[in-house]
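A.B. asks: Can you read through this structure? Questions will come right after.
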Amino acid sequence: MENATQNQTIACIDVGYTDSAARAACVVIDDWHVSIPVAEHVAMIHEVKEYQPGEFYRRELPCIQAVLAKLDQPPTCIVVDGYVLLDGNGRPGLGAHLYETLDRKIPVIGVAKNPFKDTDHATELRRGTSDRPLYITAVGLPVAQAVLNIGAMHGPHRLPTILKRVDQLSRGGN
């Protein structure tokens, strides 16, 4: 998937929360290596579900769907801040639930900054000179390809430039 598709549309998504609302951000790139997005979108969600332990996707998924609705065309791949799978037994996380809502047509890569509950199911990716890994999970494409894609993203640091940008947008930054 890295450069196999001529017209890639990679949607990198993150959601930030305030006390009463959410801000879903999407930074769109057309190649894994780029530092400048082709588009940026933000959706404000004013009715956000309460966080339920073990069911984070119920809160986050409507926010992601709101910002994806702003795209002119469906992406060819989506990168989310978090996990696709929560354990080695395939327990679905945010990314897997998103994949299902998209009729299993768009691959989803999860990039998490922290390990999940003492499990070792995610593939660790160290970027730059950081000793702290990112934790990669995926559905709709092999996790090895997902790791290559995230590893190829622009930036010398642990977190790729585009993923830093979507995080900043989701927190209300310009």
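The values are calculated or read from the model by the stated rules, or taken from the named source; none is laboratory data. All figures in this text were calculated on a predicted structure; none of them were measured in a lab. Backbone-built Cβ (ideal geometry, glycine too); neighbour counts: all protein chains shown. Keep in mind that these areas ignore ligands, DNA and RNA; they rest on the heavy atoms of the full protein, side chains included. Shrake-Rupley method; radii C 1.70, N 1.55, O 1.52, S 1.80 Å.
A.B. asks: List the number of the failed condition for ASP87; all other conditions in (1) in a strand (DSSP E or B); (2) surrounded by 14 or more Cβ atoms within 10 Å (Cβ to Cβ); (3) among the acidic types (Asp, Glu) hold.
C.D. replies: Unmet condition: (1).
A.B. asks: If we scan the range 3-16, do we find a residue that is modelled with pLDDT of 95 or more, open to solvent by 40 Å² or more (accessible area, probe 1.4 Å) and not small (Gly, Ala, Ser)?
C.D. replies: The answer is no; no qualifying residue exists.
A.B. asks: Continuing with this model, one more query. Of everything in the range 127-146, what is among the aliphatic types (A, V, I, L, M), surrounded by 14 or more Cβ atoms within 10 Å (Cβ to Cβ) and assigned to a helix (DSSP H, G or I)? Give them in sequence order. It would help to see each step written out before you state the result.
C.D. replies: First, the residues of the range 127-146 that are among the aliphatic types (A, V, I, L, M): 134, 136, 138-139, 141, 143-144, 146.
Those left that are additionally surrounded by 14 or more Cβ atoms within 10 Å (Cβ to Cβ): 134, 136, 138-139, 141, 143, 146.
If the condition is that a residue be among the aliphatic types (A, V, I, L, M), surrounded by 14 or more Cβ atoms within 10 Å (Cβ to Cβ) and assigned to a helix (DSSP H, G or I), then VAL143, ALA146 are the ones that fit.
A.B. asks: All but one of (1) in contact with a helix residue (DSSP H, G or I) (Cβ under 6 Å, 6 or more places away or on another chain); (2) modelled with pLDDT under 95 hold for GLY128; state the number of the condition that does not hold.
C.D. replies: Failing condition for GLY128: (1).
A.B. asks: May I pose another question? Kindly indicate whether HIS121 is in contact with a helix residue (DSSP H, G or I) (Cβ under 8 Å, 6 or more places away or on another chain) and either of a type outside the set (Val, Ile, Thr) or in a loop (DSSP other than H, G, I, E, B) (or both). Steps first, please.
C.D. replies: Numbers: in contact with a helix residue (DSSP H, G or I) (Cβ under 8 Å, 6 or more places away or on another chain): no; either of a type outside the set (Val, Ile, Thr) or in a loop (DSSP other than H, G, I, E, B) (or both): yes.
No: the conditions fail for HIS121.
A.B. asks: Take the conditions part of a helix (DSSP H, G or I) and in contact with a helix residue (DSSP H, G or I) (Cβ under 7 Å, 6 or more places away or on another chain) and apply them to TYR57. Does it pass?
C.D. replies: yes
A.B. asks: Output the residues belonging to the range 17-39 that are surrounded by 13 or more Cβ atoms within 10 Å (Cβ to Cβ) and either among the small types (Gly, Ala, Ser) or assigned to a strand (DSSP E or B) (or both).
C.D. replies: Answer for the range 17-39, where residues must be surrounded by 13 or more Cβ atoms within 10 Å (Cβ to Cβ) and either among the small types (Gly, Ala, Ser) or assigned to a strand (DSSP E or B) (or both): TYR17, ALA21, ALA22, ARG23, ALA24, ALA25, CYS26, VAL27, VAL28, ILE29, ALA39.
A.B. asks: Name the single residue that is surrounded by the most Cβ atoms within 10 Å (Cβ to Cβ) among those in the range 40-54 being outside any loop (DSSP other than H, G, I, E, B) and more than 16 Å from the chain's Cα centre (by Cα).
C.D. replies: ILE45
A.B. asks: Does PRO74 satisfy being open to solvent by 50 Å² or more (accessible area, probe 1.4 Å) and either part of a loop (DSSP other than H, G, I, E, B) or β-branched (Val, Ile, Thr) (or both)?
C.D. replies: yes
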